[in-house]
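Novice: The structure follows.
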Amino acid sequence: MKEAKLFISLLMTAVMVFAFCACGGGSTDNSPITEDEISELYTSPDTFEGRTFEFTGQVLDVEKDGGDLFIQVYQDIKNYENNTIVIYPEADVKLKVDDFVKVKGVVDGVFSGENLLGGEVEAPQITASKVKLIDAVEAFPATKTVEVDQTVTKGDYKATVSKVDFTQDETRIYLKVENNSSSTFDNYPDTGAIVQDGKQYEADWSEYYPEPSTELKAGASSESIIVFELIDEADFTYSFEGYDDDYNDVEFEFDIKVE
């Protein structure tokens, strides 16, 4: 799914040697790296040695040696780019591939190694003071959130949109569906649609957010995040369908007001 991983376990010795030897006559500047400097950091990481770097990324690979974690992270999550090597001494967090993390640390300079194809890879090397495990909602933060708290009831079935997030790339609808009947309800909010200014948008699939239960048992509820492409920050309708045990169509429609 992503680019070939580094063999961090095989390169760990080289990383440690660099980490403990890369000291001395560099710049004493320890100011935070700004958003405008990130592109240059990944082009010439050695020029940022000693600078503080805080970023959000996705784990590509992780190895543990004693109490230390050696993590390979993509800083550019959307494009699987900006490969970064993070050393987290005395780590207090458990990570796995594809986890999202917030990292705070200091740039040690440049790390050099080989990927699975034998090609040379260079990446900024960060010694972290903190690595925090986060979820996808925090990894892809909202630029605007609309509190909705709107409920539509159809017989024994109830659906509630609690809020809507607009991010840089997508629209997220936070939905809860409740089945108060005595039989299973077929629930399909992720096949619903948004209509805004006469244009229809179909729901997207995302591996990162909670998915709805399609067969909702009697007395059960399901909470999910339904994802669409980014739409305008303006009023829209969201609708989806389900089916009761007699295959009757049950439709929910929400008029979402965006202030």
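The values are calculated or read from the model by the stated rules, or taken from the named source; none is laboratory data. Please read these numbers as outputs of a predicted model, since none were measured by experiment. Note that each Cβ is placed from the backbone with ideal geometry, even for glycine, and that neighbours are counted across all protein chains shown. Just the protein is used for accessible areas: all its heavy atoms, side chains included, with ligands, DNA and RNA removed. Shrake-Rupley method; radii C 1.70, N 1.55, O 1.52, S 1.80 Å.
Novice: Within region 193-244, which residues are more than 12 Å from residue 170 (Cβ to Cβ), in contact (Cβ under 8 Å) with a residue 40 or more places away in the chain and open to solvent by less than 20 Å² (accessible area, probe 1.4 Å)?
Specialist: The initial filter retains those residues of region 193-244 that are more than 12 Å from residue 170 (Cβ to Cβ), namely 193, 195-200, 202, 207, 210-224, 232-244.
Applying the additional criterion that residues be in contact (Cβ under 8 Å) with a residue 40 or more places away in the chain yields 193, 195-196, 219-224, 233, 236-244.
Within region 193-244, 193, 196, 222, 224, 236, 238, 240, 242 meet the criteria.
Novice: Separate question: Let me spell it out: the conditions are (1) within 12 Å of residue 225 (Cα to Cα); (2) modelled with pLDDT of 95 or more; (3) in contact with a strand residue (DSSP E or B) (Cβ under 7 Å, 6 or more places away or on another chain), and residue 137 meets all of them except one. Which number is the exception?
Specialist: Looking at each condition in turn, residue 137 falls short on (3).
Novice: Residue pairs, Cβ under 8 Å, 6 or more apart or interchain, first in region 35-64 and free of Cβ contacts under 8 Å to residues at least 40 places away in the same chain, second surrounded by 15 or more Cβ atoms within 10 Å (Cβ to Cβ) and in a helix (DSSP H, G or I). List them.
Specialist: Partner pairs satisfying both residue conditions: 37/48; 40/47; 40/48.
Novice: Okay, next question. Check off (1) within 28 Å of residue 30 (Cα to Cα); (2) loosely packed, with under 14 Cβ neighbours inside 10 Å; (3) at pLDDT below 95 for residue 129 and give me the number that stays unchecked.
Specialist: Only one criterion is unmet by residue 129, namely (3).
Condition check ((1) open to solvent by less than 20 Å² (accessible area, probe 1.4 Å); (2) touching a helix residue (DSSP H, G or I) at 6+ places or on another chain (Cβ under 7 Å); (3) modelled with pLDDT under 95; (4) more than 15 Å from residue 133 (Cβ to Cβ)) across all residues:
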residue: 36; (1), (2), (3), (4): no, no, no, yes
residue: 55; (1), (2), (3), (4): yes, no, no, no
residue: 71; (1), (2), (3), (4): yes, no, no, no
residue: 84; (1), (2), (3), (4): yes, no, no, yes
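Novice: So for region 244-258 (the condition being of a type in the set (A, V, I, L, M) and assigned to a loop (DSSP other than H, G, I, E, B)), does at least one residue qualify? Quick ask: steps written out before the conclusion?
Specialist: So the first thing to find is which residues in region 244-258 are of a type in the set (A, V, I, L, M), and the list is 250, 256, 258.
Still in the running and assigned to a loop (DSSP other than H, G, I, E, B): 258.
Within region 244-258, one or more residues are of a type in the set (A, V, I, L, M) and assigned to a loop (DSSP other than H, G, I, E, B).
Novice: Among the residues of region 90-99, is any in a strand (DSSP E or B) and either modelled with pLDDT of 95 or more or over 21 Å from the mean Cα position of the chain (by Cα) (or both)? Full working, then the answer.
Specialist: Quick first cut of region 90-99, residues in a strand (DSSP E or B) only: none.
No, the conditions are met nowhere in region 90-99.
Novice: Give 92, 98, 108 a once-over and let me know the one that is open to solvent by 60 Å² or more (accessible area, probe 1.4 Å) and among the acidic types (Asp, Glu). Break it down into steps so the answer makes sense when it comes.
Specialist: On the way: 98 fails: open to solvent by 60 Å² or more (accessible area, probe 1.4 Å); 108 fails: open to solvent by 60 Å² or more (accessible area, probe 1.4 Å).
From the options 92, 98, 108, the qualifying one is 92.
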